[in-house]
Amino acid sequence: MSTLTGTVALVTGASSGIGEATARTLAADGAAVALVARRADRLASLAKEIAAAGGTAVAIEADITDRDQARAAVARTVAELGRLDILVNNAGVMLLGPVEHAPIDEWDRMIDLNLTALLSVTEAALPHLLAAAESEPRRVADLVNISSTAGRQVKRGSGVYNLTKHGVGAFSESFRQEFSRRHLRVGVVEPGAVATELRDHLRPEIREVQQQRLSAMQPLQAQDVADAISYIVTRPRHQTINELLLRPTEQD
Ligand code: NDP
């Protein structure tokens, strides 16, 4: 029997990159997985792949920056899979650039997804996570928030992304203190550069600089981060990995 057999995990941003790899990995660990993102075709093919490998997954198309859709995604997870033991708040966007002359809608997009959507999903999931923490098979539940090295290290040209990821770290620690005695664990994962679609959304001149930075090192793969998340949620009940920082070996 796999470690997470009998549990249910919801992964936001499961249509690509870290979220996709995490959903696949948690399914292989034995969890039934709710796949949440906007690109329904990608979610459907991942759900099919997980089912073909003997796992269980439901594809849930949702724009989680819309609070009603975020709540509906959690409600559908519990309605279709019966419970919720693990929430991975992974969906995020990184729109780097100087503050001066910034297209201000980029700031809104980062705040709406990296912070507000994370809070909306967490609020909707909370009663279900607390219920799971009191019940078999594990009597513990997990909230895993994907931050970044940008949640610890501030850089010029990264101000609003830094703001959102520092916010994720601060909220996670406060949440930890509130719920630790009820066996709802909180883990913050802070990856360095990972080869995903994250940089595709940058303005061309900024994307070029970022791609050069990435090609000067051997970046992490999405699976590396998925393995870290799997490690966090498969710890025994008395133990919590509160923070996990992983960088490509060559990254400053
Ligand atoms: P990707 O761009 O591959 O993944 C982002 C995911 O977020 C996609 O699945 C996307 O799906 C989803 N998403 C975007 N907008 C919404 C929305 N409104 N509603 C629901 N889902 C949405 O990038 P990564 O896998 O790299 O990023 C995942 C997380 O990792 C982010 O929080 C990022 O900040 C963090 N991170 C990434 C690093 C890197 O170098 N790649 C380094 C450190 C942290 P869809 O478009 O289908 O909605």
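Just a few scattered comments:
- Under a model in which nothing but the beta-carbon of Lys, Arg (+1) and Asp, Glu (-1) is charged, the chain shows a dipole of about 540 debye around its Cα centre.
- Label-point gap, in nm, between ARG109 and LEU246 - each point 7 angstrom along Cα→Cβ: 2.7 nm
- Full-extension gain in nm, GLU49 to HIS101, via 0.36 nm per residue minus C-alpha separation: 14.3 nm
- Peptides 19-29, 208-218, 110-120, 186-196 ranked from most to least packed, by the mean per-residue count of other Cβ atoms within 10 Å: 19-29, 186-196, 110-120, 208-218.
- Considering helices alone, the calculated mean residue ellipticity of the chain at 222 nm is -13500 deg cm²/dmol, with DSSP H runs of length four and up weighted by -39500 (n - 2.57) and normalised per residue.
- Inter-label distance for GLN177 and ASP41, nm, one decimal - labels placed 7 Å from Cα along Cα-to-Cβ: 4.8 nm
Throughout, read-outs are computed from the coordinates displayed, never taken from laboratory work. All values reported here derive from a predicted model rather than from experimental measurement. Here the Cβ is made from the backbone with ideal geometry for all residues, glycine too, and neighbour counts use every protein chain on show.
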